[in-house]
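Asks: What follows is a structure written as structure tokens; I'll ask about it next.
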Amino acid sequence: MNVSYRWLQSLVPGLAEPPAELAHRLSLLGAPADEVVELGAGIEGVVIARVEEVRQHPDADRLRVTRVNAGGETVQVVCGAPNVEAGRYYPFAPVGAMLPGGTTIGRAKLRGEVSEGMLCSARELGLGRDHAGLMTLAGEWEPGAPFLQALGLDDVRLALDITPNRPEMLSHVGVAREVAAGGAADVRLPELPGAPERPIRAQRVEREGEVGGVRVRIEDAEGCPRYTAAVVRGVEVGPSPEWLASRLRAVGVRPINNVVDATNYVLFELGQPVHAFDLDRLRGPEITVRRARPGETLRTLDGVDRALAESALLITDAGGPVALAGVMGGENSEVHEGTTSVLLEVALFDPRAVRGTRVPHGLSTDASYRFERGVDPEGQLRALERVAQLVAAVAGGEVDHDALDVNPVPFTRREVELRPERVEQVLGVRLAPDEIAGLLEAIGFGVDAGASPLRVSVPGFRPDVTAEVDLVEEVARRRGYDSFPEQILPFRASAVPESPQVGAERRARELFRRAGFLESRTTGFAPGAEGRVPVLNPLSSEEGSLRDTLAHGLLRRVEHNWAHGVRDVRLFEVGTVFAPAGDGALPREELRVAAVFTGASRPPHWSGAAAPWDVWDLKGILEELAEEHGAALEVGAPALLGEMLAPGEAFRLAADGTETGGGGRVAPVAVDAPTWAGEVWALEARLPVGREAEAAAYRALPEQPASERDLALLVPRATAAAEVEAVVRASAGPLLEAAWPFDLYEGKGIPGGTRSVAFRLRFRAPDRTLTDAEVDSAVAAVLAALEERLGVRRR
């Protein structure tokens, strides 16, 4: 939302806060400013000039030689713009002036003709995108007057980041309500020069009524709960007065004509979209709000002929569609230079209906943006009177006293109870009921402070406030988060157990953070080849499906890092994947954890270079996952990752005979790697949401010494070391504390078909020092079991 600082000051006369400080305060109120832009920066030397004479350049068909009066001596300027005319006023950069981007204007010779300065377009001044011609100034001006002050462009634009739940902040009045010292009570709509004093009077009807000879009917009350209209006759369409045009330029809107500019002004002032129809071009004349019918078409204001989707909500006259409701009007009823009477529409459209109209036609407008987030259902008549007065003020004409309010679904304010003790419980600070009421009333809430609990009436422009906790949040926001004490308050541990899903996600994150991984958040959308659930309305062809693995998205992040010269990448993600459910049901969702890693296995260190990640690092991580998931680690490619992995270097996790995940080396064809990149490893596993982690049991540190024995064993090549370890643990008895392989030898002195694997066994008794006889007895039992079960002998 672009906000003009001068516009805000006109709504809140006492506002003197510098723009940068105001932007900081708005960020604390929940509307951070992405940019604070001084509109006149870089064009301070530009003045207003009058072109006295225009003649064709003698040696260039596309150039013209002009005589320009910039307040002093008339100078010659060569101009290539097609719209330069004698007697008109334009912004002029004299010799020595600087334009945005650092360009300094100098004296030049173009095809033999001297040019002393430059007549400017809006784009050259940084005030718009129009580069097709000069920026023409309507009306009479004093040559040589400073351009910025004359046009009211000595302004600052605040680009606010407004969250979808705060639609009232998509207007200057909404922002003013937040920043005014007294809240809504200190906000005043500025007077409109030349506006009629006589107010309009709206007749309320349920479904159908008449205004200015036009029959208005709502067929789809769900899509359009309210439609108000007024007529202004005798208008003269032309350029807007400069005060109005400069207001629009300050928020990034190009002025069009006085009637259309009036509707845009009210949209940015009150947040209520407005549309103007040429009354004489409405067939019937009538207005009907209904859904599209098969085969209907409409040429919209952007000049595109559109076949209308049946979901579209339309404004129609007796001959057919004249506008896409809440989105864009049609060419067949637009206001033009010959328009003399206009029908002003100020309506309330359902957000879902507007989205269902906008999306199939690939449109997005300032109006649809606001309707989709929720327009104040109580503000239509206020906006109707405001725009009618403004049209009459800037385009002349007379406003019909009688207006129409078709309202089949009247709005009723929601009431929410608020307990002061609940405010104290959540915020940790006791606030008096009067203080709570004052904070809420300042931003438009109605509060019955005499009731217990407080009864709060929620205004229509705050559809996000539905429960008591929402009001508590508003109290905290308005009081100021920095006003609460910093000391730690008394805390009572919750008796609510941790959700199994939350616990599984937390433990997965802890595992990978311990291993030095960074958490990534990739989008849930993927190309068609990486997902099996198509998106009905994809943002792009690269996001046409819902992902069926996390690893694909992480591999794209690896490629992104490689593209920026980063060799060592360690990423993990906890997220949801999707699979088709069949029979038209919603897709199945599954919570998983995935990781990808490549390059050095640890950060650079003075002690020496780190080894690259290898299959044993992968196996170690998977073993930790297996323990967490209650699964076994097996050799083989996991189905979860499909053909992403290279054969022969992969493992899978299995629990109760069902595969739960796995990992391996990523096949070269699955990732776009530069020549200098190392091998890439990936893993992915389902999170065991229903499995709770075993509670950690306390065990005292041992007080008795341990006794260790090393066994060099001749193991048949077909026998895995894990099998040997399992027999050792099963036969060594209760005194065995740990057993692990620590050496492998294959070569001279080893019988054919075998290899030498050395194991270390550690024995310990909790209450005494072991004797050699006890340890030797346990070792003998181990050797006997190994030879009997596996044919393994001591070397």
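Asks: For residues that are of a type in the set (Val, Ile, Thr) and over 19 Å from Trp613 (Cα atoms), tally how many sit in segment 575-602.
Replies: Matching residues across segment 575-602 total 3.
Asks: Right, Pro143: part of a strand (DSSP E or B) and open to solvent by less than 70 Å² (accessible area, probe 1.4 Å) or not?
Replies: Judged against the criteria, Pro143 is not a match.
Asks: Further, regarding this structure: Taking Gly642, is it crowded, with 17+ Cβ neighbours inside 10 Å and under 35 Å from the mean Cα position of the chain (by Cα)?
Replies: In short, no.
Asks: Let me ask something additional. Does Arg521 satisfy being charged (D, E, K, R), surrounded by fewer than 17 Cβ atoms within 10 Å (Cβ to Cβ), more than 22 Å from Ala626 (Cα to Cα) and more than 20 Å from the chain's Cα centre (by Cα)?
Replies: Criteria not met by Arg521.
Asks: Under 18 Å from Arg370 (Cα atoms) and either buried (at least 17 other Cβ atoms within 10 Å of the Cβ) or touching a helix residue (DSSP H, G or I) at 6+ places or on another chain (Cβ under 6 Å) (or both) - does that describe any residue in segment 215-223?
Replies: yes
Asks: When you go through (1) in a helix (DSSP H, G or I); (2) in contact with a Phe, Trp or Tyr (Cβ under 6 Å, 6 or more places away or on another chain) one by one for Ala383, which number turns out not to apply?
Replies: Going through (1) in a helix (DSSP H, G or I); (2) in contact with a Phe, Trp or Tyr (Cβ under 6 Å, 6 or more places away or on another chain) one by one, Ala383 breaks only (2).
Asks: Residues being assigned to a helix (DSSP H, G or I) and surrounded by 19 or more Cβ atoms within 10 Å (Cβ to Cβ): count how many of those fall in segment 534-551.
Replies: Result for segment 534-551: 1.
Asks: Right, another one. So for segment 182-190 (the condition being of a type outside the set (Phe, Trp, Tyr), under 30 Å from Ile48 (Cα atoms) and crowded, with 20+ Cβ neighbours inside 10 Å), does at least one residue qualify?
Replies: So far as segment 182-190 goes, no, none of its residues is of a type outside the set (Phe, Trp, Tyr), under 30 Å from Ile48 (Cα atoms) and crowded, with 20+ Cβ neighbours inside 10 Å.
Asks: Quick test of your reading of the structure: Trp681 fulfils all but one of (1) at pLDDT 90 or above; (2) surrounded by fewer than 20 Cβ atoms within 10 Å (Cβ to Cβ); (3) of a type outside the set (Ser, Thr, Tyr). Name the failing condition by number.
Replies: Against the list (1) at pLDDT 90 or above; (2) surrounded by fewer than 20 Cβ atoms within 10 Å (Cβ to Cβ); (3) of a type outside the set (Ser, Thr, Tyr), Trp681 comes up short only on (2).
Asks: Let me ask you something else. Give the residue, chosen from Trp606, Trp616, that is assigned to a loop (DSSP other than H, G, I, E, B), aromatic (Phe, Trp, Tyr) and more than 22 Å from Arg506 (Cα to Cα).
Replies: Unique residue meeting the criteria: Trp606.
Asks: Hey, could you check segment 224-265 for residues that are in a strand (DSSP E or B) and open to solvent by 20 Å² or more (accessible area, probe 1.4 Å) and say which is nearest to Pro91 (Cα to Cα)?
Replies: Within segment 224-265, the match that is nearest to Pro91 (Cα to Cα) is Arg233.
Asks: Can you find even one residue in segment 746-755 that is farther than 27 Å from Ala700 by Cβ, β-branched (Val, Ile, Thr) and out of contact with any helix residue (DSSP H, G or I) (no Cβ under 6 Å at 6 or more places or on another chain)?
Replies: Yes, segment 746-755 contains at least one residue that is farther than 27 Å from Ala700 by Cβ, β-branched (Val, Ile, Thr) and out of contact with any helix residue (DSSP H, G or I) (no Cβ under 6 Å at 6 or more places or on another chain).
Asks: Considering only segment 698-721, I want to know if a residue exists there that is assigned to a loop (DSSP other than H, G, I, E, B), open to solvent by 70 Å² or more (accessible area, probe 1.4 Å), under 22 Å from Glu627 (Cα atoms) and among the aromatic types (Phe, Trp, Tyr).
Replies: yes
Asks: Yes or no: Leu418 closer than 30 Å to Phe484 by Cβ and modelled with pLDDT of 95 or more?
Replies: yes
Asks: Go through (1) touching a helix residue (DSSP H, G or I) at 6+ places or on another chain (Cβ under 7 Å); (2) modelled with pLDDT of 95 or more and name the single condition Asp710 misses.
Replies: Result: Asp710 passes all but (1).
Asks: Taking interchain pairs and intrachain pairs at least six residues apart, which have beta carbon atoms under 8 angstrom, with the first residue in segment 198-220 and within 13 Å of Asn407 (Cα to Cα) and among the aliphatic types (A, V, I, L, M) and the second open to solvent by less than 90 Å² (accessible area, probe 1.4 Å) and not in a strand (DSSP E or B)?
Replies: Ala202/Leu381; Ala202/Leu384; Val205/Asn407; Ile218/Cys224; Ile218/Pro408
Asks: Take segment 319-359 and flag every residue that is in a strand (DSSP E or B), closer than 19 Å to Arg226 by Cα, open to solvent by less than 10 Å² (accessible area, probe 1.4 Å) and not hydrophobic (A, V, I, L, M, F, W, C).
Replies: Gly329
Asks: Quick one: is Val95 of a type outside the set (Phe, Trp, Tyr), over 14 Å from Val51 (Cβ atoms), open to solvent by 10 Å² or more (accessible area, probe 1.4 Å) and in a strand (DSSP E or B)?
Replies: no
Asks: Could you check segment 140-163 and list, in sequence order, the residues that are among the aliphatic types (A, V, I, L, M) and within 28 Å of the chain's Cα centre (by Cα)?
Replies: Answer for segment 140-163, where residues must be among the aliphatic types (A, V, I, L, M) and within 28 Å of the chain's Cα centre (by Cα): Val156, Leu158, Ala159, Leu160, Ile162.
Asks: List pairs: first residue in segment 778-795 and free of Cβ contacts under 8 Å to residues at least 24 places away in the same chain, second residue open to solvent by 100 Å² or more (accessible area, probe 1.4 Å) anywhere in the structure, Cβ distance under 7 angstrom, at least six positions apart or on different chains.
Replies: From residues that are free of Cβ contacts under 8 Å to residues at least 24 places away in the same chain, the pairs are Glu787/Arg793.
Asks: Let me ask something additional. Taking segment 591-611, which residues are more than 34 Å from the chain's Cα centre (by Cα) and among the hydroxyl-bearing types (Ser, Thr, Tyr)?
Replies: Those that are more than 34 Å from the chain's Cα centre (by Cα) and among the hydroxyl-bearing types (Ser, Thr, Tyr): Ser601, Ser607.
Asks: Moving to a separate point now. Identify, by number, the condition in (1) open to solvent by 60 Å² or more (accessible area, probe 1.4 Å); (2) in a strand (DSSP E or B); (3) more than 24 Å from Arg768 (Cα to Cα) that Lys748 doesn't meet.
Replies: Of everything listed in (1) open to solvent by 60 Å² or more (accessible area, probe 1.4 Å); (2) in a strand (DSSP E or B); (3) more than 24 Å from Arg768 (Cα to Cα), Lys748 misses just condition (2).
Asks: Could you pull out every one of the strands (runs of 3 or more DSSP E) wholly within segment 397-484 that has 1 or more residues that are open to solvent by 30 Å² or more (accessible area, probe 1.4 Å) and over 30 Å from Ile218 (Cα atoms)?
Replies: In segment 397-484, 414-418, 446-448, 454-458 are the strands (runs of 3 or more DSSP E) which contain 1 or more residues that are open to solvent by 30 Å² or more (accessible area, probe 1.4 Å) and over 30 Å from Ile218 (Cα atoms).
Asks: Residues in segment 158-166: is at least one among the basic types (Lys, Arg), buried (at least 16 other Cβ atoms within 10 Å of the Cβ) and in a helix (DSSP H, G or I)?
Replies: For segment 158-166, residues among the basic types (Lys, Arg), buried (at least 16 other Cβ atoms within 10 Å of the Cβ) and in a helix (DSSP H, G or I): absent.
Asks: Answer yes or no: is there a residue in segment 309-318 that is among the acidic types (Asp, Glu), open to solvent by less than 50 Å² (accessible area, probe 1.4 Å), outside any loop (DSSP other than H, G, I, E, B) and touching an Asp or Glu at 6+ places or on another chain (Cβ under 9 Å).
Replies: Looking for residues that are among the acidic types (Asp, Glu), open to solvent by less than 50 Å² (accessible area, probe 1.4 Å), outside any loop (DSSP other than H, G, I, E, B) and touching an Asp or Glu at 6+ places or on another chain (Cβ under 9 Å), one finds at least one in segment 309-318, hence yes.
The values are calculated or read from the model by the stated rules, or taken from the named source; none is laboratory data. Remember, it's a predicted structure, so these values are computed and weren't measured experimentally. Please note: Cβ atoms are built from the backbone with ideal geometry, for glycine as well, and neighbour counts cover all protein chains shown. To get the accessible areas, we keep the full protein, side chains included, count just its heavy atoms, and leave off ligands, DNA and RNA. Shrake-Rupley method; radii C 1.70, N 1.55, O 1.52, S 1.80 Å.
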